[in-house]
Structure formats: C-alpha cells, structure tokens
Amino acid sequence: MGIVFKGGTIINAAETVKADVLVEGEQIVLIGANLPTKGHQVVDAKGKYLLPGGIDVHTHLALPFGGTTSSDDFETGHRAAAFGGTTTHIDFVIQPKGGTLHDGIATWRKKSQIANIDYGYHLAITDLRDEVMNEIPSLLDEGITSLKLFMAYKNVFQIDDTTLFRAMQTAADNGMIVMVHAENGDVVAELTAKLLAEGKTDPYYHAVSRPSTVEGEATGRAVALAGVANCPLYVVHMTCQEAVEQLRLGREKGFPVMGETCVQYMFITADDLKRPNYEGSKFVCSPPVRTKKDHGILWQALRDHTLQVVSTDHCPFWFEGGVNGRIPGKELGKGNFAAIPNGLPAIEDRMKIMWTFGVGEGHFDANRFVELNCTNPAKIFGMYPKKGTISVGADADIAIWDPKKRETVSAATQHMNTDYNIFEGYKLKGLPVAVWLRGQQIVDGEKYLGHNGYGKYQKRSPHAAVL
Ligand code: DUC
Ligand code: ZN
Ligand code: ZN
C-alpha cells in the first residue's frame, strides 16, 4: 500500500503544477493528474500546497559554546524543525582542539543517535595541522563534502589566511566546498577590548564591536582567495550591504562563490539589542543583526540571485538559564557583552516566516521560496535530487502547506527548547499543517508522530553544483 496525495498543488523551484503524488516506501514513485487510489492511503490535499521538506544547512544542535551548550539537541531541535516544515538539516561537526576531524565526527555521531529528521554534517576545522590536512580527503568516505572555517572567534575557532587558503586548495582538489564565517576576528578582538575598557558592557555593544565593514572586509578576502584557489565558496550568515557587495563582485568576476543569509537578519535590528532588562541579549548572535537598510539589501540579494539560500544558524540558549536547573544561558554575559552566548533560536520559524513575509509581501514568488529553502540547499550541498524537490525518485519529504492558516508566533506554543522567541507576536499566514519524511508522517497538525532514531544520516556527494 502506498500513499496518494490527492488534489493538491505541487510547488517546486521550477514550476507549480496541480497533480497527485504517489509515494511507495520512502520515495515518490509517480506524479500525475487523477492518480488511481485503490489500495492506497489517501491524503486529501485539496486547496493546499505540497512543498518539498525544508532543508536548513546551518544549525548548531547541542553545541558546547560560550561557556555552555546550545539548548536544542537532535531530539528537541528536530521536533521543532519538523513542526516548521523542515525535514533535513546539516549541523557543524567541530574539530576538537588538538584532535582529529574523525574525533569530531565520533562526538557528533553519538549526539545524532536520537535523530528524528534527516541530517548531514559539515566539518568545522579549528586546527589545520599537516596530518589534519591529509585527513581531509577521507571525509568524502563519510559523505562530508563541506569544510567550514571561522575567520572570527580569536583564540577559539579562528584560522589565519594561510590556513584558509590551504584548505581551499585541498577542498578544490577533492570536489569539496569551503564555508566561511566571515568577520575579521582580529579587529573584533581589538574593538571588544576597547569597549569593555570604556565600561560599555551592555548587549548593544556586541554589535558595535562587530561593525558591518569588518564583515565586508572578511567576505571580500574569502571571495578573493576562493577566486585564486578556484574553490567553491559558500559564505554563511551574510547580514549587510558591505558583505553582499563583495559577494556580488566576486560572482561578476566568475568566481565560484555563493552565500546565504539567515531569517533573523531580515527582521531584527541592532536597536533590538537595546531592549531593557537585559532582553537585548536574546538577539545577540555573530555577525550581529544590522539595520532596516540592510534588510532591504538582503531581500534584493535573494531576489536577484546574489544569495542562494536562507538558513537559520539555529543556536539557541535559554534567556533565564538559571531557572529550574537549566543549563546556563544568556545571563552569562550580564556585565560583559563578550560573554553572552552567541546564537538564536530559529529552526522552527524559518519557513513559516519566509512564507508569510517573503511570499506574502511579494519579495519573491512561491517557487523562489522553495528554491531558497529546499532546492538550492540540496543542490549546493550534494543532496539533490534525492532531497529538495517533489519529483519521481526523490525521497518522499513533503510538507502540506495551508495558505490560509494563521498563527501568532509565541514562545508559549513553540517546540524549540528555549524560553523566548525572537519573532514573538509576529502574525503568520500560510503554514505547514502536515509533514512527511521519507514516506512516514511526522507531523499532523499539533500532533507529533516522529520518534528518536528515525532520522537518517545523509551521505552527501562531492562536486555539487555551484549556483
Ligand atoms: N554565530 C552565532 O551567533 N552562533 C553560533 C556560531 C556563530 O557563528
Ligand atoms: Zn558563524
Ligand atoms: Zn553558525
């Protein structure tokens, strides 16, 4: 017995078609008008859209960071993702200092045993010794085809230009892509020390310590090095005009460079960091949230294909970590903005927010929405056409979207393991109401049907598309 999704409208990146979908086992096996239903379970999709399951390629689940650990793990974060229409994500394995890349993978494999949705790994290199460089090609056997390097977080994750360039050369030789967190960490460290010495310790000064010019400079540097190395580059969490301009320039020169922004960077501004009673700390992430003008630049860059993907950088922390015996959270930075754990909750909200405001307010159409949130992530990171599309042969990862359904965002009703929501009070229209992952229904309205261990590790292919 299969499942027939009857009467819905399929939205893929390339087209919108009214058609039925037959799923057998884990895959989509047939798409067409008026498919026979005899012997199959029928899902009534009349008046609804069928979207490919979302793919969030930038998450940090259960990440030890900033003196604590991010508060969603591969169970809670996955459940929240599913309720938001996301069925696959890629998390960042962090190479432990002094350890090997495979040490990091072993740690992440343990965390992932409880996976509810599908997932892959990027590898964040923090210590590129010669033997670690030699280890890089063996990542392909693990299905890891993307390396991440931090140009910021001095004395923690930051690498120098030699390391970045060597990594790019090795990645290019092996069909891999390099991802960068692009901020000039040396300058951030200088500005941070100066501000703290002046007694400027509130959350707002976190943004002052990381100006957009510093992001633009690092982005331009990474783009130039990728051009020299002829290495596919993907700049994560781009926030501002200065960075977008550098990426655009690189693309005009024909360099193989791409970029993402994250949902928060189109809505939250640095003024939110000034909210009273330390509430500004809820919005502290790196790079920081910027200005309304930058929001406009990012919408435009998503429209004109300078940017290819919307992700989240989901890295949640409790606001009141000390309450009810929870692990520490944002309170760690009271009196010192540099000690605020960096990161925000967003994995549940990404698709819902982008639909309401991206499609609903006419920034782009529903096909571009799918491209940015589902298809391009799969293409760039070697999972297409298994993921990211509703097509014959693809995994049956399907979100039924009700264009009329409304909801008001609230921490009280969210599934993310945090005590606040950065989009609190936002009014949404157009929501996922039922979600399937590889042919199994995991969300039915308010009901969660997924379970620990169902999520499958995704081995990804090298030489993925440069878009
Ligand atoms: N930025 C964040 O805000 N959190 C996690 C890591 C990062 O680069
Ligand atoms: Zn980052
Ligand atoms: Zn990140």
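The values are calculated or read from the model by the stated rules, or taken from the named source; none is laboratory data. All values reported here derive from a predicted model rather than from experimental measurement. Note that we place each Cβ from the backbone using ideal geometry, even for glycine, and neighbour counts take in every protein chain shown.
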Residue among Thr69, Thr59 that is within 16 Å of ligand 3 (Cβ to nearest atom), surrounded by fewer than 19 Cβ atoms within 10 Å (Cβ to Cβ) and modelled with pLDDT of 95 or more: Thr69
Tally the residues that are in contact (Cβ under 8 Å) with a residue 60 or more places away in the chain and farther than 13 Å from Trp401 by Cβ, restricting the search to region 350-366. 5
Select from region 127-154 the residues that are out of contact with any Asp or Glu (no Cβ under 8 Å at 6 or more places or on another chain) and within 16 Å of ligand 2 (Cβ to nearest atom) and list them in ascending order. Ser146, Leu147, Lys148, Leu149, Phe150, Tyr153
Give Leu344, Leu307, Leu302 a once-over and let me know the one that is in contact with a Phe, Trp or Tyr (Cβ under 8 Å, 6 or more places away or on another chain), of a type in the set (A, V, I, L, M) and more than 16 Å from ligand 1 (Cβ to nearest atom). Leu302
Here is a check on your reading of the model: is Pro328 at pLDDT 95 or above, within 16 Å of ligand 2 (Cβ to nearest atom) and either in contact with a Ser or Thr (Cβ under 6 Å, 6 or more places away or on another chain) or not in a loop (DSSP other than H, G, I, E, B) (or both)? no
Inside region 226-254, can you point out the residues that are over 17 Å from Asp304 (Cα atoms) and either at pLDDT below 95 or in contact with a Cys (Cβ under 9 Å, 6 or more places away or on another chain) (or both)? Val236, His237
Tell me yes or no: at least one residue of region 50-62 is out of contact with any Leu (no Cβ under 8 Å at 6 or more places or on another chain) and more than 30 Å from Cys315 (Cβ to Cβ). yes
Residues that are at positive phi and in contact with a helix residue (DSSP H, G or I) (Cβ under 9 Å, 6 or more places away or on another chain), drawn from region 392-431: Gly430
Flagged in region 125-147 as within 16 Å of ligand 3 (Cβ to nearest atom), in contact with a His (Cβ under 9 Å, 6 or more places away or on another chain) and farther than 20 Å from Lys387 by Cβ, in numbering order, are Leu147
For region 405-418, state whether one or more residues are within 21 Å of Pro345 (Cα to Cα) and surrounded by 23 or more Cβ atoms within 10 Å (Cβ to Cβ). yes
Quick check: anything in region 264-276 within 30 Å of Phe319 (Cβ to Cβ), within 16 Å of ligand 2 (Cβ to nearest atom), of a type in the set (Gly, Ala, Ser) and out of contact with any Gly (no Cβ under 6 Å at 6 or more places or on another chain)? no
Exception for Asp313 within (1) farther than 21 Å from Met151 by Cβ; (2) within 15 Å of ligand 2 (Cβ to nearest atom); (3) charged (D, E, K, R) falls at (1)
Is it the case that some residue within region 265-283 is of a type in the set (D, E, K, R) and in contact with a strand residue (DSSP E or B) (Cβ under 9 Å, 6 or more places away or on another chain)? yes
Within region 57-78, of all residues that are in a helix (DSSP H, G or I) and either under 11 Å from Ala115 (Cβ atoms) or in contact with a Pro (Cβ under 8 Å, 6 or more places away or on another chain) (or both), the one nearest to ligand 2 (Cβ to nearest atom) is Gly77
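If we keep just the residues of region 227-236 that are farther than 27 Å from His295 by Cβ and outside any helix (DSSP H, G or I), which is farthest from ligand 1 (Cβ to nearest atom)? Give the steps one after another, and end with the answer.
Just the residues of region 227-236 that are farther than 27 Å from His295 by Cβ, to begin with: 227-232.
Next, from what is left, pick out any that are outside any helix (DSSP H, G or I): 230-232.
Working: Asn230: 26, Cys231: 21, Pro232: 20 Å.
Of everything passing the filter in region 227-236, Asn230 is farthest from ligand 1 (Cβ to nearest atom).
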Note down all Cβ pairs under 8 Å where the first residue falls in region 2-30 and is under 17 Å from Pro385 (Cα atoms) and among the polar types (S, T, N, Q), the second is modelled with pLDDT under 95 and surrounded by fewer than 15 Cβ atoms within 10 Å (Cβ to Cβ), and they're at least six residues apart or on different chains. none
Counting only residues that are over 19 Å from Gly358 (Cβ atoms) and in a loop (DSSP other than H, G, I, E, B), which one in region 310-325 is nearest to ligand 1 (Cβ to nearest atom)? Cys315
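Does Arg460 fit the bill of being surrounded by 15 or more Cβ atoms within 10 Å (Cβ to Cβ), on the phi > 0 side of the Ramachandran plot and charged (D, E, K, R)? Before the answer, list the steps.
Numbers: surrounded by 15 or more Cβ atoms within 10 Å (Cβ to Cβ): yes; on the phi > 0 side of the Ramachandran plot: no; charged (D, E, K, R): yes.
It is false that Arg460 is surrounded by 15 or more Cβ atoms within 10 Å (Cβ to Cβ), on the phi > 0 side of the Ramachandran plot and charged (D, E, K, R).
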When (1) over 21 Å from Val257 (Cβ atoms); (2) among the acidic types (Asp, Glu); (3) buried (at least 19 other Cβ atoms within 10 Å of the Cβ) are applied to Glu135, the one that fails is (3)
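Please find, among Thr219, Thr239, the residue that is within 14 Å of Val289 (Cα to Cα), surrounded by 17 or more Cβ atoms within 10 Å (Cβ to Cβ), within 16 Å of ligand 1 (Cβ to nearest atom) and without any contact (Cβ under 8 Å) to a residue 60 or more places away in the chain. Please lay out each step first, then the result.
On the way: Thr219 fails: within 14 Å of Val289 (Cα to Cα).
Residue meeting the stated conditions: Thr239.
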Looking only at region 1-51, count how many residues are crowded, with 17+ Cβ neighbours inside 10 Å and of a type in the set (Val, Ile, Thr). 10
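Go through region 279-301 and give me each residue that's more than 14 Å from ligand 3 (Cβ to nearest atom) and outside any helix (DSSP H, G or I). Lay out the reasoning, then the answer.
Step one: list which residues in region 279-301 are more than 14 Å from ligand 3 (Cβ to nearest atom), which gives 279-283, 289-301.
Scanning region 279-301 gives Val289, Arg290, Thr291.
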Quick one: Gly296 ticks every box in (1) in contact with a His (Cβ under 6 Å, 6 or more places away or on another chain); (2) under 21 Å from Leu247 (Cβ atoms); (3) not polar (S, T, N, Q) except a single one, so which number is it? (1)
